[in-house]
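Below you'll find the structure, written out as structure tokens, and then a few comments.
The values are calculated or read from the model by the stated rules, or taken from the named source; none is laboratory data. The structure presented is a predicted model; accordingly, all values stated were derived computationally and were not measured. All Cβ positions, glycine included, derive from the backbone under ideal geometry; neighbour counts span all protein chains shown. The accessibility values were calculated without ligands, DNA or RNA, using every heavy atom of the protein model including side chains. Shrake-Rupley method; radii C 1.70, N 1.55, O 1.52, S 1.80 Å.
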Amino acid sequence: MEIPYTFTARKDTGLFNSKIGIWLFLASEVMLFGGLFSGYVFLRLYADYPWPERALPVLPGLINTFVLIGSSVTVVFAWASLKMRQWGRFQFFMGITIFCAVIFMVLKGLEYNAKWHHQAVRLDDFTILEGHTHKAELDERGHLHIHHEHGAEPTEEEKKRQFPANVVVVEAEEINFTLVRAHDPYVKDILAKAKERGAVPVLADNAFFYGSPKDLPIDAAERKKLEDQLIKSHASGKEAVRFGDKKDSLYIPKDTQLTVDLLDRAEDVYLEARAINGEVRTKVLRKLWKDAREADKEDLPNFKLAEGIQIDPEEHLTGLVAEAPSALTFTFEKPVALHFKRSLIREGEGSSKLKDDTIIKGAVASSPMGLAVDAVDLRWVAQRAHEQGKDPKTVIEGLWIMENPEFKEIWERHSAQLAILTEELKKDGREPTENDKYRIDWQDLVAFHRAHEKHLEPGSPEVADLRPGMFEGITGPNHKIEENQHAFFSIDIPNEKVGFESLFTPKWNNYYAIYFTLTGLHGLHVVGGALVLAYYMFFSKGLYRRNPEWLANRVEIGGLFWHFVDLVWIFLFPILYLM
Amino acid sequence: MADSVEEIKKAQKLYILIGLVLFVFTVVTVAVATQPWLDFGAHGFDKADMTIGLLIATVKATLVGAIFMHLNHEKKLVYWVFGLGIIMGIALMLLTALSFADPIKYGNPKTGDGFYNPEIPEIN
Amino acid sequence: MSSASEAHASDGHHDDHGDHHHELPFWKKYIFSTDHKMIGIQYGITALLFLAFGFYLMMVMRWSIAYPHEPLPGWMSWFLSDDWKARWLQDGKVTGETYNMFGAMHGTIMVFLGIVPLGFAAFGNFVTPLQIGAIDMAFPKLNMASYWLYLLGGLVMIGSFFVESGAAKSGWTNYSPLAGFADSQIVNQFLAGQTQWLLGMVFLISSSLLGAVNFLTTIINLRARGLTWMRLPFFVWAMLVTGFLLLLAFPPLEVAALMQLMDRTAGSSFFMPSGLYTKTAGLLEASGSGSPLLYQHLFWFLGHPEVYVLLLPAIACVAEIIPTNTRKPLWGYKSMVYAVIVLGFLSFIVWAHHMYLTGMGPVVSNFFQTTTVLISIPSVILLTSMLISLWGGSIRFNQPMLWAAAFIPMFGIGGLTGLPLAFNLVDLHLHDTYYVIGHFHYVVAPGVLFGLFAGIYHWYPKITGRHMSNFLGHLHFWPSLIFMNLLFFPMLVQGMAGFHRRWYNGGDAYLSKASDSVNIFGNTVAEWLWLNPVMSWAAWLLAAAQIPFFINFWTSIWWGKKIKNDNPWDATTLEWSTPTPPPHGNFTYDVNVYRGPYEYSREDHEGDFYPQWEAPKRDEPAEEPAKKPVA
């Protein structure tokens, strides 16, 4: 009753079951990563913007490659030990393999972490600036104040008040919440921020929700009478009572403070009203259709009726349906400065919208983005200049960022270095790349700063040697080192000039998107494989005693998967890090 | 799995050797890509770098597959199964990439000197 | 003409001859079973329920097409909650948004939750190990995991109907950029229907991948002694090729789903082009430079092999039923085997015939046109062989044969209507019209589904020990046949006139002045719009015609005619040599295979048929000597 060939080979195929199974699975994995690689090729070939080249620090990738190759060797030794029935040696090598997997994931985590704290912004003229946002806070008058100083560590209290200088400040007068869409975390956030400024949003007007038609007074005058009664009883200190003490209705008097609970209750009644109205309108429309069909005594197919005859239930509905507003508006006594992350808010004329369709009425205050810049990339500017038939040099000289004196000096040094490089390459008949010409990365900024400190003139040949090497800044520019803080210059970018901004996440551009997807999926495979190998290392003593050959086969299968994971990395590393 | 204990004992030296070879190849790939004195084609990243890099990667992959994954003495069935996967993977990559690289219609992808020259759009 | 064991109408009790005497608890025997037969039944019942759900979605869509300005009638909407109706119906009418949602989910559910699990997973799981003489699948626990992943994915998909954003609504093909930003107004993306569709797909794809690994390993390594490759029933060959299609074609779709998930949740722009502007969201806040075409390539790389995954299990069933009920071997078995292998291989390189209108260059476009036309050859070989198999046979018109015989012309129409679509020039006119819908529904609905129904009627006696009612079977068959044709044939006509697909209001736009234009076939759409109510009524009556089937399926378990012996159809393949229903471990004897799978009416044998498992008499040699090991 045992399934045959689980660890003994079948004669004609020469294989046992899990061997076939794992090679089948690996074939499907080839298709999986092949699909991602074909996506990479397609996206890179047909990109309409300059594809980042050599944008990632190579050292972590290189170490990870060594680590994985090493682990491939040790996993084979682990299997060999099992075949030779050396349990201790097996555990030893398996342990190293798993340890290598851990190192791999830790390095990967460090790399990812550095990227997710690194900011990038594309200005409206297509200049790209990379760096770290400064910290900012709103002062008593509600104005944005950006901290450029590299002073002492902020206090606890300061830390609570400060936020990254990448926000839009709105002088909020009114906030309108759509009941079914309002996202609770956003509501709580607005309440908290308003509280910080010492303000509370209150309901702008009385709101009456008649959830069920039986609550609805039939007469408009009667309805007004009831509403006045309610307002009076509320003014005399009674708590806001449910309208008519009926379950389905709700009365919220003007100036009630905003709470999440309030919005939820209003939403409940609104949905009830919507359901009832839907039912009533459907019934009416069905009846109207039935009448229309009978009236003409013809079998009217619908699409013929579309030509001019519209059956609209609207006129037949008075008095039958429930009423409930779908949105509520809250106001502040005077405009309150609220700040929102730039990616969550869409500014407009006089009012701005959040992602859940909450509308904030008020002017947008000055909301510059404060950045400590560690790289400037003008390749896109140059590409667009080429496409439009203009001279890149002229376009660059007219850029907004050229007005910044610190950058102007950096650009001069850069141009001088570029001239030296061009001379050298001309001797071999070669040319500098787009990267050389238009991208100033953080190592250049550090080199220029060191040259400045050493009082070297722009264009001195020694400047090239002042660049930090592969071992400094293993995961990229480190803004905590004091030397770097002086090398990277600060800039305040006005809100209107910000075109597109993002941390170095998949959102920034497709290169990072495919990088994170490929390495992330690969990382998941590393974790999965490591878990399987760890299972064999820790929990298989029993199987080893009963049937060591079966265990050896299982470990071989696990090892095959591990080697495949290594194989994928062998291709990933040069493609993502070196090209 | 058909390896006998004696064969494995002999193979252990080979495994270490291949591991070292892989290390060396990795260093070579990085050196060719990053060191300016090893620039074969144009300055910076260019087709020569890419070809060498992918070539070395393929060699490394073949070594891992053949020796660590025992593909050099596997059964025919495994070759068929895995080979089918590789072929289909290549078909996917090739045909997808070529679907817009039609030389008759588009000519060179960047300059578009074929019959149909797409307008390069203004990006707002 | 003997079967190896007595017939006994049993209830699944697996007390076999004394190896393992373990009585499994209820939850391990019926719910978390690792037995391929139980898993097959689980897949089958779940898939039938999903098919019914998808059918309902189509019924509502057909209402919208036939009567676009009228509210849904009570009989179609009484069980929907008032809240749901208020949100998704406008005054009771089907809105465009709701129609799109139903359309997208109808396609998804029918293809991924209905036909593939029913054809490949249900039939494959139950029958394949039996037909190759194995005691179970190679990896039983993996098999169980496959089922539960499938159920999880299915529940996620169904659950997405009840979130505020509704289910996915960008077509079953889920093209970006629409599918990348539809429902993007939901702040928590994991509560958005579009995102849940992608998550469901990841589960379903993983389930299929594991299933494919299982099937292939089983067929390769667990065949009984003497069962060489060319003695395999065609059913098993079809399952083998289907397994390879699933194995190699699904991962690129998983990649596409993953990338679209990244687009939706992480804000990447894999498939979002630069400068995308929408009315609801304005200029898209994304980095751009993505390619919607990349999504289409990755999707259709699966999409085309997927349609063969739908088809081959049905051909598998029909290829078993025809020899059994004509009492003669399958004609052209060898050609069919080669044809199905070539079909599988070619199906990977035809995918861009779904993308003729994307602006590919003529060289690549012609390449795909050539391979697409080429792939019709193996399909025709398969169909013709089955048709010729009928010639000169002693045909028994029982229920399975009825459905199998109907499969041939229905699938024939479906396949032939596909040929014009293969040519890139003709496809320019027919792409995205009802012609395409008519074509693929002919293949899948009166084609594949009839084949699968045939399989259900055929193997039901083996599973339950009772026949399904013949009378109810006729009540199911004849109306189904008529209404299927009434429903789908007019689509071909409307499509050739130019009726665009995926429009919710029955094409009333064609009634405006612009529709005076005539297409190259001399038709206006307006003159064919009267067919809409005809087709819709055909659809609703088709639903009614399935009721006899559901009654039959469930009641025959207790009240169907009991089988006389373990081999009620007098068939030759191995599954008929087991007790009924097969116990845990399947076979009560040592399985040896001595001949090919379709030895019916042999001149040199005195019996009417010569089963594969029956040992030859001492003075007879075994059939063609077993081949050298395939190693």
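Taking the convex hull of the Cα atoms, report for the stretch A:371-503 its projected area averaged over all directions, in nm².
For the Cα atoms of the stretch A:371-503, the hull's average projected area reads 9.6 nm².
Would you mind giving the total buried accessible surface between chains A and C, with a 1.4 Å probe and ligands, DNA and RNA left out, rounded to the nearest 100 Å²?
5900
With heavy atoms of protein chains only and a 1.4 Å probe, what residues of the stretch C:284-329 have at least 30 Å² less accessible area in the full set of chains than alone?
The answer is C:285, C:287, C:289, C:293, C:294, C:297, C:298, C:301.
Where the accessible area of the stretch B:5-74 is counted over protein heavy atoms with a 1.4 Å probe, how much of it, in %, is carbon and sulfur?
Of all accessible area on the stretch B:5-74, carbon and sulfur atoms account for 76 percent.
Just flag the trypsin sites (Lys or Arg not before Pro) in the stretch A:81-120 sitting in loop per DSSP whose Cβ has no more than 13 other Cβ atoms within 10 Å.
Here the sparse-neighbourhood loop sites are A:85.
Which lysines, on any chain, are close to residue A:393 with Cα under 17 Å apart, when same-chain ones fewer than 8 places away are left out?
A:408, A:437
Dimensions of chain A along principal axes (Cα, Å, largest first)?
Reported extents, whole Å, longest axis first: 91, 85, 58.
Keeping the other protein chains in place, figure out the carbon and sulfur percent of the accessible area of the stretch C:368-497, with a 1.4 Å probe.
Of all accessible area on the stretch C:368-497, carbon and sulfur atoms account for 80 percent.
What does the net charge come to around residue C:577 if you take all other residues with beta carbon closer than 9 Å to its beta carbon, with K and R at +1 and D and E at -1?
-3
If each of residue C:474 and residue A:480 carries a label point 7 Å out from its Cα toward its Cβ, how far apart are those two points in nm?
Result: 8.5 nm between the two label points.
Between residue B:31 and residue A:316, how many nm apart are label points set 7 Å from Cα along the C-beta direction?
Taking the simple label geometry, residue B:31 and residue A:316 are separated by 8.8 nm.
Enter the per residue convex hull volume of chain C, computed from alpha-carbon coordinates, in Å³ rounded to the nearest integer.
In chain C, the Cα hull volume divided by residue count equals 168 Å³.
Can you pull out the buried accessible area for chains A and B, both sides counted, probe 1.4 Å, rounded to the nearest 100 Å²?
5300
So which aspartates and glutamates can residue A:287 reach, going by Cα to Cα under 18 Å and dropping same-chain residues fewer than 8 places off?
In chain and number order, the partners are A:279, A:296, A:298, A:299, A:312, A:314, A:315, C:70, C:91.
Take the residue pairs A:232/A:334; A:390/A:507; A:115/B:47; C:28/C:141; B:9/B:60 and return only those whose Cα atoms are more than 20 Å apart.
A:232/A:334; A:390/A:507; A:115/B:47; B:9/B:60
Kirkwood-based Rg over Rh for the protein assembly as shown (C-alpha set), two decimals?
0.99
Using a 1.4 angstrom probe on heavy atoms only, work out the carbon and sulfur share of the accessible area of the stretch C:58-99 in %. All intermediate terms of the calculation are to be shown ahead of the outcome.
Numbers: 850 of 1480 Å².
Of the solvent-accessible surface of the stretch C:58-99, carbon and sulfur hold 57 percent.
Provide, as a two-decimal number, the C-alpha radius of gyration of the stretch A:136-193 over 2.2 N^0.38 Å, N being how many residues it has.
So the stretch A:136-193 has a normalised radius of gyration of 1.42.
Calculate, axis by axis, the spread of Cα positions in the stretch C:163-288 along the three principal axes, and write the results as whole Å, longest axis first.
67, 30, 21
First measure r as the distance between the Cβ atoms of residue C:279 and residue A:397, then evaluate 1/(1 + (r/R0)^6) with R0 = 41 Å and state the FRET efficiency to the nearest 0.05.
It comes out at approximately 0.55.
Determine the order of A:541, C:29 by accessible area, beginning with the largest, at a probe radius of 1.4 Å.
Descending order: A:541, C:29.
Under a Cβ-Cβ cut-off of 10 Å, what is the net charge of the residues other than residue C:462 that fall near it, where Lys and Arg count +1 and Asp and Glu count -1?
Around residue C:462, the surrounding residues sum to -1.
Please give the total accessible area that chains B and C bury against each other, computed with a 1.4 Å probe and expressed in Å² to the nearest 100.
Chains B and C together bury roughly 1800 Å² of accessible area.
Calculated FRET efficiency, residue B:50 and residue B:87, Cβ-Cβ r, R0 25 Å, to nearest 0.05? Numbers along the way, then the final one.
On the way: r = 23 Å, r/R0 = 0.91.
Computed FRET efficiency for residue B:50 and residue B:87: 0.65.
Please compute the modelled spin-label separation between residue C:543 and residue B:7, points set 7 Å along Cα→Cβ, answer in nm with one decimal.
Placing both labels 7 Å along Cα→Cβ, they lie 6.3 nm apart.
Report the chymotrypsin sites (Phe, Trp or Tyr not before Pro) located in the stretch A:469-499 that are in a DSSP loop and have at most 10 other Cβ atoms inside 10 Å of their Cβ, or state none.
Numbers: sites: A:471, A:488, A:489; in loops: A:471, A:488.
The qualifying sites are A:471.
Listed highest first by mean packing, meaning other Cβ atoms within 10 Å per residue, what order do C:600-611, A:365-376 come in?
So the order, starting with the most tightly packed, is A:365-376, C:600-611.
Going down the list C:328/C:561; A:341/A:497; A:19/C:617; C:29/C:562; A:11/C:29, which pairs span over 28 Å between their C-alpha atoms?
Where the Cα-Cα span goes over 28 Å, the pairs concerned are A:19/C:617; A:11/C:29.
Counting only DSSP beta bridges with both residues in the protein assembly as shown, tell me the antiparallel percent, nearest 5. Could you put the intermediate results ahead of the total?
Working: 64 of 66 bridges.
Percent antiparallel among DSSP bridges in the protein assembly as shown is about 95.
Would you please give the FRET efficiency between residue A:287 and residue A:46, computed as 1/(1 + (r/R0)^6) with r the Cβ-Cβ distance and R0 = 60 Å, to the nearest 0.05? The partial results should precede the final answer.
Details: r = 57 Å, r/R0 = 0.95.
With R0 = 60 Å, the Cβ-Cβ based efficiency is 0.60.
Using a probe radius of 1.4 Å on heavy atoms only, what accessible surface per residue do you get for the protein assembly as shown? Whole Å² is fine.
Numbers: 55430 Å² over 1334 residues.
Roughly 42 Å² per residue, with all protein chains present.
By a straight-distance test (C-alpha under 15 Å), which aspartates and glutamates pair with residue A:188 as possible cross-link partners, with residues fewer than eight away in the same chain excluded?
Correct list for residue A:188: A:196, A:261, A:264, A:356.
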